[in-house]
Amino acid sequence: MTAIDDCTDPGGVPFAELDPALLRTQRTSLKWTRYPEDVLPLFVAEMDFAVAPVVQQALIGRVLASDTGYLDGPGPLAPAFADFARDRWGWDVPHDRVHLATDVATGIVESLRLFRPGGGRIALPTPVYPSFFEVLDEVPFEVVEIPLRTVESGEVSGSGAPRPSRAPEARLDLAAIERAFASDPGVDAFLLCSPHNPHGLIHSPDDLAELARLAARYDVFVVSDEIHAPLAHAGRAFTPFAPLAAAAGALSVTTTSASKGWNLAGTKCSVIVAADERANETLRNLPPEVACRASILGLHASVAAFERGRDWLDRAIARFEANDRLLAELVRDRLPGVRRTPPRAGYLVWLDLRDAGLGDDPHERILRDARVALNDGASFGEGGSGHARLNLACAPDTIREAVERIARILPPKEPA
Ligand SMILES: Cc1ncc(COP(=O)(O)O)c(C=O)c1O
């Protein structure tokens, strides 16, 4: 287990310096500009932590060298990513299978344009990262939602016991996926979110192998978005989809980046990785412009992160785990009726608020009356309404404050 300092972020910055009131005066990203000053922003997937020192140095170094032109390819990012993938996940990535894109969203769009130029039907498990729906508006696809199935974890209360504050586990519904693939019209592409946002779910190797088998059998092209994979929690093994796709003969690419792991979304650099030589032949036809649209600053930030930002990453993960333990206690003690899904990767927590007594649109009530901004569950697709997503990448006091604000607007408890 990685040791963490209870008073500082993963880079040693005191939590006092991550006070939201202070950050609001220093940062200009969406997290800090979308809502009025009195709203505590725990919505978009950005971290409050300071950028890892090795990444700061890389960015400063490139700016001081005036190395701010165009990119012509992944260069040092291919070996940096491949080494990270081998060391963390046991995935051997030949360097020439790594291609550049501006960000993961662009990687998804460009892959779909290339592999399925005629569009068609694309399936995705829901509830899922809401921007997928916007991204898929850029390509001629009809979206087929396949809700995750839920499995009670055994933590069920007996008669008279309090309702559990932990939500059931979610999993891919492989039977429903097969029905969709086998239907007429079938499915042309599948967008896998692995680990799955918003649940922080790490798909099991068996589920992924079965998905690969089905994709090969029904000729479905799979884009596996693995942006949250570097953030797998300690002891939770992440399985990359590409080797399974290659073994099953499924056509697949992986889109990923350092942007969630090290909070670099604004530096604009991601990779698209071909699962095998067949996929790579097609990926070589990516328009050269796609690489030029990635940022040279983002590329060097990503190289530093994958190569030298691993200790920082481990401390960030340990902080998320500690913050999630804190949230679990607070939800149990202060938010009756709320059920949380414990994330196995990342720093986003999916909250079921349907029994919290906050009406049909709990996200709106919490924003309006508690002045806490969460992500609205309804925007995550089928199965999302009545839920909200909360961001744990902050100082523990920020989580305490958010929970207290929400606790104050809950209806009074019925006497037992
Ligand atoms: C699953 C998933 N994919 C993609 C993105 C966006 O990545 P990018 O900013 O690189 O497009 C996010 C952002 O939170 C995400 O959670």
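The values are calculated or read from the model by the stated rules, or taken from the named source; none is laboratory data. Please read all numbers here as calculations on a predicted model, not as lab measurements. A quick note on method: Cβ atoms are made from the backbone with ideal geometry, for glycine too, and the neighbour counts reach across all protein chains shown.
Surrounded by fewer than 21 Cβ atoms within 10 Å (Cβ to Cβ), touching a residue at least 60 places away in the same chain (Cβ under 8 Å) and of a type outside the set (A, V, I, L, M, F, W, C): which single residue out of Gly235, Gly309, Gly266 fits that description?
Result of the check over Gly235, Gly309, Gly266: Gly266.
Quick one: Gly266 ticks every box in (1) of a type in the set (Gly, Ala, Ser); (2) part of a helix (DSSP H, G or I); (3) away from the ligand (no atom under 16 Å from the Cβ) except a single one, so which number is it?
Condition (3) is where Gly266 drops out.
Taking the stretch 94-111 only, how many residues are outside any loop (DSSP other than H, G, I, E, B) and either more than 14 Å from the ligand (Cβ to nearest atom) or under 14 Å from Thr254 (Cβ atoms) (or both)?
Matching residues across the stretch 94-111 total 12.
Starting from residues that are without any contact (Cβ under 8 Å) to a residue 12 or more places away in the chain and within 25 Å of the chain's Cα centre (by Cα), keep the ones in the stretch 317-360 and report whichever is nearest to the ligand (Cβ to nearest atom). Working first, answer last.
Initial filter on the stretch 317-360 (without any contact (Cβ under 8 Å) to a residue 12 or more places away in the chain): 325, 329, 333, 359.
Those still in the list that are within 25 Å of the chain's Cα centre (by Cα) too: 325, 329.
Working: Arg325: 23, Glu329: 26 Å.
Of everything passing the filter in the stretch 317-360, Arg325 is nearest to the ligand (Cβ to nearest atom).
Considering only the stretch 35-56, I want to know if a residue exists there that is in a helix (DSSP H, G or I), over 15 Å from Asn263 (Cα atoms) and either acidic (Asp, Glu) or more than 15 Å from the ligand (Cβ to nearest atom) (or both).
Within the stretch 35-56 (the criterion being in a helix (DSSP H, G or I), over 15 Å from Asn263 (Cα atoms) and either acidic (Asp, Glu) or more than 15 Å from the ligand (Cβ to nearest atom) (or both)), the answer is no, since none of the residues qualifies.
Listed here are the residues, each with its yes/no results for (1) of a type in the set (A, V, I, L, M, F, W, C); (2) outside any helix (DSSP H, G or I).
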{"position": "Leu214", "(1), (2)": "yes, no"}
{"position": "Val223", "(1), (2)": "yes, yes"}
{"position": "Pro230", "(1), (2)": "no, no"}
{"position": "Arg236", "(1), (2)": "no, yes"}
{"position": "Pro243", "(1), (2)": "no, no"}
{"position": "Trp262", "(1), (2)": "yes, yes"}
{"position": "Val273", "(1), (2)": "yes, yes"}
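Can Asp67 be described as part of a loop (DSSP other than H, G, I, E, B) and either out of contact with any strand residue (DSSP E or B) (no Cβ under 7 Å at 6 or more places or on another chain) or aromatic (Phe, Trp, Tyr) (or both)?
Answer is yes for this residue.
Hey, any hits in the stretch 361-375 for a residue that's surrounded by 23 or more Cβ atoms within 10 Å (Cβ to Cβ), among the hydrophobic types (A, V, I, L, M, F, W, C), within 16 Å of the ligand (Cβ to nearest atom) and modelled with pLDDT of 95 or more?
Looking through the stretch 361-375, at least one residue is surrounded by 23 or more Cβ atoms within 10 Å (Cβ to Cβ), among the hydrophobic types (A, V, I, L, M, F, W, C), within 16 Å of the ligand (Cβ to nearest atom) and modelled with pLDDT of 95 or more.
Any residue at all in the stretch 254-265 that's of a type in the set (Gly, Ala, Ser) and either modelled with pLDDT under 95 or more than 23 Å from Ile60 (Cβ to Cβ) (or both)?
no
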